[in-house]
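The values are calculated or read from the model by the stated rules, or taken from the named source; none is laboratory data. Nothing here was measured: the structure is a model prediction, and the numbers come from that model. All Cβ positions, even for glycine, are placed from backbone atoms using ideal geometry, and neighbour counts span all protein chains on display. Remember, those area values only see protein heavy atoms, side chains included, never the ligands or the DNA or RNA. Shrake-Rupley method; radii C 1.70, N 1.55, O 1.52, S 1.80 Å.
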Amino acid sequence: MKIAVLGGGPSGLYFSISMKLRDAANEITVYERNRADDTFGWGVVLSDETMSNFDDNDPVSEKMIRDHFAYWDDVKVVRGEESMTSGGHGFCGIGRKVLLMLLQQRAHDLGVVLEFEADITPDKIEELRRDNDLVVASDGLNSKTRSLYADQFQPDVDMRANHFVWLGTHQKFDDAFTFIFEKTEHGWVWAHAYQFDDDTATFIVECGPETYQAFGFGALTQQESIALCEKIFAKHLGGHTLMTNANHVRGSAWIQFPRVTCENWFFDNVVLLGDASATAHFSIGSGSKLGMESAIALADELSSGKPLSDALQTYQDDRKLQVLRVTSAARNSTEWFEDIERYLELDMMQFNYALLTRSQRISHENLRLRDPEWLASAEAWFQAQAGSNSTRSPMFAPFRLRDMELANRVVVSPMAQYKAKGGMPTDWHFVHYAERAKGGAGLVFTEMLCVSKEGRITPGCPCIGPEQVPEWTRLTDFVHGETNAKICAQIGHSGRKGSTRLAWDGMDQPLPEGENWPLLSASAIPLMDGNVIPKAMDRADMDAVRDQFVTAVRAARDADFDMIEMHAAHGYLLASFISPVTNKRDDDYGGSLENRLRYPLEVFAAMRAEWPEGKPMTVRISAHDWMGDDAVTPDEAVQIGAAFKAAGADAINVSSGQTDKAEQPIYGRMFQVPFADRVRNEIGLPTLVAGNIYEPDHVNSILMAGRADLVLLARPHLADPYWTLHAAVDLGDEEQVWPSPYEGGRRQANTLAERARTMAT
């Protein structure tokens, strides 16, 4: 093939090397707009895994790079006068200029033509397209090629909030990758520092937009800015200066990070590579690593014997997904640093853990592999904070709300069963909830128990009132007498989402004609076309429904539930008042958030007044309607949580979505945790969270990082009522209590698990 590579950075050079290795007859020319020895970065970070990939692809250049490495195994976090170090992270650094020189030499030795100071205009790009079999655009995050063919690539550039400047120093940071956080008169400023050769380290200074503006960094010259950074970090620089290699930039060299994504990575005979196609924030490592690994994948596909279009399509399909995993982790890390003031007051142990796990790529058990001693100290700290002297994993730490003490932090999430008869719970409910209480979870939620038959979602949904007290008492007596679990009654009213079929007969579909019942909501908006149009509640309706909630609370008290939760999420009645999507009222209960909260807070106050003082009460909210800015957003969720905290809520159960069928949720592993994290740490109240959480690792990571206090699992508990008991076995935790009749099963499970671990090592 005859190939033009636009951009002589690491990804373009490494692609050229890789293609020459696969077929020396490939005719490759690299066009670079800068001189051979120009570079505007300092160090490049590569992981052990990446170096292994390089060794498989080209042992020669891998050795060239490795011979110039600075290695470190530790991550050190310094916050004011405090510091903490953890090990086992396995990274290495190399100067960007050295890396480029090595790759240039290797490419030259293999016969790649390198043209520097090349003026790549739009006309030149078009000419190269005509004259080459393939044009590889590795021309960086400001890619001219991507801009020229924007209608084909469909790029999206998201300029992130924080500002940063890329500097260097001769101060030594050769013992650890070091994060330094300093509190200044204008807010927090922090540095990412790491050694990349014998006498030079990268020193990236970052801060939030308010601090950036307050210092006036944007109006300073580079030297003025550097002098100010030297003053901020003086005690860490040991008398050494900070240096810039961006003297070509006029004025301040501070920038914001552009998160680049593209719908398409190729068209015709042009393909994007590296930062031109997708960017990964510097806080999780090097974009160079990502681009060079993509170069290997592209070279593999182009050498597979497939037609060019098929090879490029396969490359895009496969590599785009892999890059998305990294860039999603990078987004998590970016947002963590953007919200860092939320975490800076955490205990140093928890702050350090939160920093290490910010991207969600590093999990709890992964940290155990890296540094078991440090993680053991972190777990002991967490248990001590919970009032225990245990050294068990965070998920097995006790938790207290008012007088209710939970044995652990695992919660069986509310899950509709659709098995009630005329609003009455049945044997199904007894067996379902009792079995999960036996399964080791600290807390078991009922499904939403409706305050009236008219407030049911479906004919199969149970109610809670005087008539149901004996059946619910039968359940709570069993839970209290035979298990260590506590049990919570979630209480709610379906609102406009009522009068629908059982889930397996057609989720949210209206009942057959003649079987529907009248509905109430904040406004007269049906769930979907064809569903019952609800009545917009008047004051008399509000009074009646409020009193139904109070009656339900009395029933929960009489049935001896340990806790109650008011369901104000997922588009049900109370949520229909909170969300502007479903609340179109023009009276005192519509419009502003204060007005929209008025009725739900009134109901909460009436419920709390009827509920025993020593028993906790929580509220479930939807933190995100997933419907744009004219709906409930995470910003507004913080205000909603704060309002219920002021009203006396003991915790907020943070969920999202299900407000309206027009929603566009973004699902993913632990996708609701950021919302719970924000509510918890901004309003200072415990949170509960659910949402695609299915492994003990997830639970422990969430808890240890301080992102929530209780973790709810739904589908895992449908698949395995004994999820907590089995999780303890998997973790090698032999302290977990099993029901006495199951003691033989506990011994066998632990024996088999220990045998499997022994064989694995």
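A few notes on this one:
- Of all residues in segment 717-747, exactly one satisfies the criterion of being open to solvent by 40 Å² or more (accessible area, probe 1.4 Å), within 12 Å of Pro696 (Cα to Cα) and in contact (Cβ under 8 Å) with a residue 60 or more places away in the chain, namely Leu731.
- Condition check for Arg596: open to solvent by 10 Å² or more (accessible area, probe 1.4 Å) and assigned to a helix (DSSP H, G or I): yes
- Count of segment 441-462 residues which are open to solvent by less than 10 Å² (accessible area, probe 1.4 Å), closer than 28 Å to Arg400 by Cα and of a type outside the set (Ser, Thr, Tyr): 8
- For segment 106-134, the set of residues classified as of a type outside the set (D, E, K, R), closer than 30 Å to Ile65 by Cα and either surrounded by fewer than 14 Cβ atoms within 10 Å (Cβ to Cβ) or in contact with a strand residue (DSSP E or B) (Cβ under 7 Å, 6 or more places away or on another chain) (or both) consists of Ala107, His108, Gly111, Val112, Val113, Leu114, Phe116, Ala118, Ile120, Leu134, listed by residue number.
- In segment 464-517, residue farthest from Lys661 (Cα to Cα) [restricted to those that are part of a loop (DSSP other than H, G, I, E, B) and open to solvent by 60 Å² or more (accessible area, probe 1.4 Å)]: Asn484
- Odd one out for Thr85, checked against (1) open to solvent by less than 70 Å² (accessible area, probe 1.4 Å); (2) at pLDDT 95 or above; (3) more than 26 Å from Phe351 (Cβ to Cβ): (3)
- So Ser294, is it closer than 25 Å to His89 by Cα and at pLDDT below 95: no
- Criterion violated by Ala137 - all others in (1) out of contact with any helix residue (DSSP H, G or I) (no Cβ under 7 Å at 6 or more places or on another chain); (2) open to solvent by less than 70 Å² (accessible area, probe 1.4 Å) satisfied: (1)
- Segments classed as strands (runs of 3 or more DSSP E), wholly inside segment 69-144, with at least 2 members that are over 28 Å from Phe173 (Cα atoms): 113-116, 134-137
- When we screen Lys20, Lys63 for residues that are in contact with a Gly (Cβ under 7 Å, 6 or more places away or on another chain), part of a helix (DSSP H, G or I) and closer than 15 Å to Asp109 by Cβ, the only hit is Lys20.
- Residue check, Val98 modelled with pLDDT of 95 or more and over 28 Å from the mean Cα position of the chain (by Cα): no
- Some residue of segment 183-201 being hydrophobic (A, V, I, L, M, F, W, C), over 26 Å from the mean Cα position of the chain (by Cα) and open to solvent by less than 20 Å² (accessible area, probe 1.4 Å): yes
- Just so you know, in segment 408-432 the residues that are within 19 Å of His567 (Cα to Cα) and touching a Leu at 6+ places or on another chain (Cβ under 6 Å) include one that is most open to solvent (accessible area, probe 1.4 Å), and it is Tyr418.
- Being in contact (Cβ under 8 Å) with a residue 60 or more places away in the chain, farther than 27 Å from Asp268 by Cα and not aromatic (Phe, Trp, Tyr) holds for only one residue in His68, His108, and it is His68.
- Within segment 25-82, the set of residues being over 27 Å from Ala193 (Cβ atoms) and either β-branched (Val, Ile, Thr) or within 33 Å of the chain's Cα centre (by Cα) (or both) comprises Ile28, Thr29, Val30, Asp55, Asp56, Asn57, Val60.
- Applying the criterion of being over 16 Å from Ser363 (Cα atoms) and of a type in the set (Val, Ile, Thr) to the residues of segment 661-701, the residue that is farthest from the chain's Cα centre (by Cα) is Ile683.
- Which listed residue is modelled with pLDDT of 95 or more and closer than 22 Å to Glu81 by Cβ, from His186, His163, His170: His186
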